[in-house]
Amino acid sequence: MTPFTFARAADAADALRLGAAPGAKYLGGGTNLVDLMRETIERPAALVDVTGLSGIIEEGPDGSLLIGAAAKNTAVSEHAAVRRRYPLLSRAIVAGASAQIRNMATIGGNILQRTRCSYFYDDDGARCNKRSPGQGCDAIDGFNRNHAVLGASDACVATHPSDMCVALAALGAHVHLDGPQGRRSVALTDLHRLPEDHPELDTVLAPGELITAIELPALAFAAQSRYRKVRDRSSYAFALVSVAAALDVSGGVVRDVRLALGGVAHKPWRAWIAEDALKGRPATVENFRAAAAAELAAAAPLRDNAFKIALAQRTIVAVLEDLGGLNGLNGLNGLNGGQP
Ligand SMILES: Cc1cc2nc3c(=O)[nH]c(=O)nc-3n(C[C@H](O)[C@H](O)[C@H](O)COP(=O)(O)OP(=O)(O)OC[C@H]3O[C@@H](n4cnc5c(N)ncnc54)[C@H](O)[C@@H]3O)c2cc1C
Ligand code: SF4
């Protein structure tokens with residue numbers, strides 16, 4: 001491990017001051033960053049511990065919910081308002097990692113966790129544009145079962161690993177940032193980047209910018225929502241495909257819908273095409289299938305991951321059927337990896 005200095009920030013202003021040091025990185029629970037430092041993939045010169053920042057979870061007068069960036073994943077998943085109003089978020093968090101890791105991991109760190117592409121972690125020989133820009137990408141012609149089918153580029157086909165972010169994308173969450181240029185708020189769906197020619201840039205964050213909170217807008221129908229994660233084993237595994245969804249049906253017609261996918265792209269994938277295809281249409285299995293097919297129409301499989309396209313479509317349909325009370329059999333039952 002490369003030597004580094006360590007300081008604990010008292011508040012956001014203190015974190016920004018300490019984070020301005022050359023080569024500084026913020027440290028949440030350390031469950032991703034410390035692993036990357038051990039592998040010398042990340043080599044920060046200074047660590048600024050931001051776990052002392054606000055982790056408060058509070059409901060606003062407009063029905064929104066504000067969650068401080070230092071809130072632990074477990075605290076958020078167990079919070080009464082989250083479980084009652086946004087159950088898909090609670091389910092998504094619990095579907096990730098292990099209880100011990102969720103007890104350590106913070107909301108800010110979860111959002112900024114890095115890809116699990118095995119070539120990215122293999123500093124001893126694998127070529128990786130995300131780790132070493134310009135080097136090439138061994139995943140494109142290599143073992144790419146876990147990689148992206150949507151939004152990838154010739155430079156990188158990695159996926160974003162967070163379960164929580166898929167739920168946040170579906171919910172229309174905003175991420176509050178503070179930085180050298182001041183404060184701003186960015187939609188979660190705009191925070192992570194597609195790889196294009198610069199896969200080394202995971203997000204639109206400027207150097208030194210700090211996540212201070214996330215904000216969930218009021219969304220009454222999210223009280224009936226689901227997160228379904230399909231994976232190779234029933235726990236302690238990243239998503240092959242996941243679906244976060246909320247559905248508002250009135251008189252058999254879809255009034256509103258929120259849909260996002262995980263495990264398929266470099267960022268949490270809000271399924272805007274499927275949402276548009278569903279709104280105002282009868283809530284039928286045929287329409288769910290058509291919407292899922294439309295969303296995946298642009299998917300481009302790699303050698304080992306074509307199965308993700310059908311899997312994503314079937315998982316979308318299964319979750320919508322469940323939310324719409326249709327509960328039909330569509331070939332997915334039993335393949336949901338034990339997800340509650
Ligand atoms: C064995 C294992 C299995 C896992 N399985 C899953 C899984 O199935 N699903 C899943 O979603 N996740 C999984 N994870 C990942 C886990 O969710 C993340 O490691 C965790 O959420 C990261 O949070 P952290 O607070 O520990 O972040 P850290 O490791 O402390 O930081 C991660 C990144 O965020 C930055 N950062 C942290 N806080 C801030 C802030 N406030 N502002 C700006 N930057 C910040 C850091 O600089 C760093 O770049 C797994 C992890 C492990 C080790
Ligand atoms: S897919 Fe992305 S992260 Fe994986 S090896 Fe290629 S460039 Fe690196």
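The values are calculated or read from the model by the stated rules, or taken from the named source; none is laboratory data. Here the structure is a predicted model, which is why all the values come from computation and not from measurement. In this analysis, Cβ positions are derived from the backbone assuming ideal geometry, glycine residues included, and neighbour counts consider all displayed protein chains. Protein only, heavy atoms only, side chains kept; ligands, DNA and RNA dropped before computing areas. Shrake-Rupley method; radii C 1.70, N 1.55, O 1.52, S 1.80 Å.
DSSP assigns beta bridges within the chain; of those with both partners inside it, close to 85 percent run antiparallel. The HN-Hα couplings worked out from phi for the stretch 25-41 by the Karplus form 6.51 cos²θ - 1.76 cosθ + 1.60 (θ = phi - 60°) are 9, 6, 10, x, x, x, 6, 10, 4, 5, 4, 5, 6, 4, 8, 6, 7 Hz, whole numbers, x standing for Gly and Pro.
Among the lysines of the chain, pairs that are 8 or more positions apart or on different chains and have alpha carbons within less than 30 Å of each other number 15.
Could you list the square roots of 5 times each eigenvalue of the Cα gyration tensor of the chain, that is, the equivalent ellipsoid semi-axes, sorted largest first and rounded to whole Å? Present the calculation step by step, with values, prior to reporting the outcome.
Values: eigenvalues 207, 124, 54 Å².
In descending order the semi-axes read 32, 25, 16 Å.
Round to a whole number: what % of the accessible area of the stretch 88-199 belongs to carbon and sulfur, probe 1.4 Å?
Numbers: 2070 of 4440 Å².
Roughly 47 percent, rounded to a whole number.
Scoring 54-64, 293-303 by mean Cβ neighbours within 10 Å over their residues and listing the highest first yields 293-303, 54-64.
The Cα atoms of the stretch 140-205 give a gyration tensor whose axes a ≥ b ≥ c have a/c of 1.5 or more with a/b no greater than b/c, which makes the shape oblate. In the frame of its principal axes, the stretch 186-340 has Cα extents of 49, 39, 30 Å, reported largest first. Whole-Hz Karplus values for the stretch 146-156 come out as 8, 8, 7, 10, 10, x, 7, 9, 5, 9, 6 Hz, taken residue by residue from phi with 6.51 cos²θ - 1.76 cosθ + 1.60 and θ = phi - 60°; glycine and proline positions read x.
By the gyration tensor of its Cα atoms, with a ≥ b ≥ c the square roots of the eigenvalues, what is the shape of the stretch 27-126: rounded for a/c under 1.5, prolate for a/b over b/c, or oblate? Write down the numbers at each step before the final one.
Details: a/c = 2.88, a/b = 1.87, b/c = 1.54.
Prolate, because a/c is 1.5 or more and a/b exceeds b/c.
Couplings 3J(HN,Hα) of the stretch 47-59, computed from phi: 10, 10, 6, 10, 6, x, 6, 4, x, 6, 10, 9, 8 Hz, in residue order, whole Hz [Karplus 6.51 cos²θ - 1.76 cosθ + 1.60, θ = phi - 60°; x for Gly and Pro]. Comparing Leu177, Ala95, Gly251 along the charge dipole axis of the chain, the residue lying farthest to the positive side is Gly251, per the Cβ-charge model.
With Kirkwood's inverse mean 1/r over C-alpha pairs for Rh, give me the Rg to Rh ratio of the stretch 186-258, two decimals please. We get a ratio of 1.06 for the stretch 186-258.
Averaged per residue, the chain has 43 square angstrom of accessible surface, using a 1.4 angstrom probe with ligands and nucleic acids left out. At a threshold of 8 angstrom on Cα-Cα distance, excluding pairs fewer than six apart, so keeping six or more, what relative contact order does the stretch 195-340 reach in percent? Contact order relative to length: 22 percent. A probe of 1.4 angstrom, applied to the heavy atoms of all protein chains, finds Phe143 with accessible area near 110 square angstrom. Close amide H contacts of Ser225 (hydrogens built in the peptide plane, cut-off under 5 Å, sequence separation of 5 or more or a different chain): Leu88. Between the C-alpha center of the stretch 256-334 and that of the stretch 147-179 there is a gap of 17 Å.
Taking all protein chains as they are arranged and a probe of 1.4 Å, the heavy atoms of Lys279 leave approximately 90 Å² accessible to solvent.
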